[in-house]
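These notes concern the structure reproduced below.
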Amino acid sequence: MTSVGRTRGALIVFEGGDRCGKTTQCGKLVERLQSQGVDACMWRFPDRSTAIGQAINAYLAEHSSMDDAVIHMLFVANRLEKREEMLQLLAGGTTLVLDRYSYSGVAYTAAKGVPHLSLEYCKSLEVVLPAADLVLHMSMTAEATAARGGYGEERYEKVDFQRKVMEIFGALRDDRWAVVDASSTIEAIHEQVVATVMPVVERARGGAPLGRLWD
Ligand code: Z5A
């Protein structure tokens, strides 16, 4: 991706199982970045505010059912509809902190084990999107997250399924990923996150190129 020049913002992604604390940490990170003079904002995927996002929301809440390939495409489209805005923000120097991204997209669909929805096929649908500069993997067992409040309200919130997703996240890790022990305290996680993120923000500011997904 070459449209983004020097002094760009960083693309920071939080991934992990349900209820592992992603939203909590995204919010705290953005506040901390802003307090240190870094222009930063937080987005969540799925973005349930768009027409596509509302269809996804109905599916997750089990108010509608859909073919696995169709719901996968909707999750992909929900990111693609934000692509231009994402690139513009990054190019303008804003650091984007994402609560889930394409890594969740491929992991949750591949965990279903549908033969025509393989990991490689799912990856191929999103190669036009920017890769994260850093993926913070909030690692925690499916059993431990299930014990947190609010678990079990949506379609994928089942321990066996979450366990498969965790395995796929493990297989997706590369040198852009950092593993965070999500069973630690909120403050301890936050400090680890900040220490991991700041050098990445600096590298992006210094002109490190933005990659493309799965390259
Ligand atoms: N999905 C998909 O299939 N394909 C895709 O492409 C995408 C997503 C993008 C909805 O995602 C579902 O969509 C999700 C994946 C699938 N299904 N599942 N599973 P979502 O992101 O909207 O939903 P979520 O993962 O369930 O998010 P969440 O409920 O907001 O959880 P969270 O953000 O990870 O956790 P939290 O809200 O920050 O915290 C949860 C609770 O734990 C809360 O009470 C906190 O106060 C507490 N908490 C947080 N941190 C701690 C610590 N450290 N200790 C103790 N308690 C804590």
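Throughout, read-outs are computed from the coordinates displayed, never taken from laboratory work. Since this is a predicted model, take the numbers as computed values, not measurements. Reconstructed Cβ throughout: ideal geometry from the backbone, glycine too, with neighbour counts over all protein chains shown.
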*Go through region 14-23 residue by residue and turn each phi into a ³J(HN,Hα) via Karplus (6.51, -1.76, 1.60, θ = phi - 60°); whole Hz please, and just put x for glycine and proline.*
9, 10, x, x, 4, 6, 7, x, 4, 4
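Could you pull out the GluC sites (Glu not before Pro) across region 1-104 that fall in loop regions by DSSP (anything but H, G, I, E, B) with no more than 11 other Cβ atoms inside 10 Å? Please list the in-between numbers first.
Values: sites: Glu15, Glu31, Glu62, Glu81, Glu84, Glu85; in loops: Glu62, Glu81.
Sparse-neighbourhood loop GluC sites (Glu not before Pro): Glu62.
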_With every atom except the alpha carbons ignored, what do you get for Rg and Dmax of region 66-155, in angstroms?_
15.0, 41
*So what are the radius of gyration and Dmax for the Cα set of region 105-215, in Å?*
15.9, 43
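Please report the antiparallel percentage of the DSSP beta bridges confined to the chain, to the nearest 5.
Working: 1 of 20 bridges.
Percentage antiparallel, nearest 5: 5.
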*May I ask for the angle, rounded to the nearest 10°, between helix 68-80 and the longest principal axis of the chain, with both axes built from Cα atoms and the value confined to 0 to 90°?*
20
*Size of the dipole of the chain about the Cα centre, Lys and Arg at +1 and Asp and Glu at -1 on the beta carbon, nothing else charged, in debye to 20?*
340
*Taking every pair of alpha-carbon atoms in region 30-105, give the share separated by more than 19 Å as a whole percent.*
42
*asked:* Rg over Rh of region 61-106, using C-alpha atoms and the Kirkwood radius, what does it come to?
replied: 1.09
*Calculate how steeply helix 51-60 sits against the longest principal axis of the alpha-carbon atoms of the chain, using the helix alpha-carbon long axis, and give the answer as 0 to 90 degrees to the nearest 10.*
50
*0 to 90° range, to nearest 10: angle between helix 159-172 axis and the chain longest Cα axis*: 40
*Note down, for the chain, the three equivalent ellipsoid semi-axes (square root of 5 times each alpha carbon gyration tensor eigenvalue), biggest first, whole angstrom.*
26, 21, 16
*Fewest Cβ neighbours within 10 Å first, please rank Phe14, Phe45 accordingly.*
Phe45, Phe14
_Separation of alpha-carbon centers, region 163-215 and region 82-161, rounded to whole Å_ = 13
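Would you mind putting 172-183, 101-112 in packing order, based on average other-beta-carbon counts within 10 Å, highest first? Could you put the intermediate results ahead of the total?
Details: 172-183: 15.1, 101-112: 23.3.
Taking the mean over residues of other Cβ atoms within 10 Å, the ranking is 101-112, 172-183.
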*Would you mind checking which residues have amide H under 5 Å from Arg212's amide H? H placed 1.01 Å from N; only 5 or more apart, or other chain.*
Ala131
*Show me 148-154, 52-58, 205-211, 90-96 ranked by packing, highest mean number of other Cβ atoms within 10 Å first.*
90-96, 52-58, 205-211, 148-154
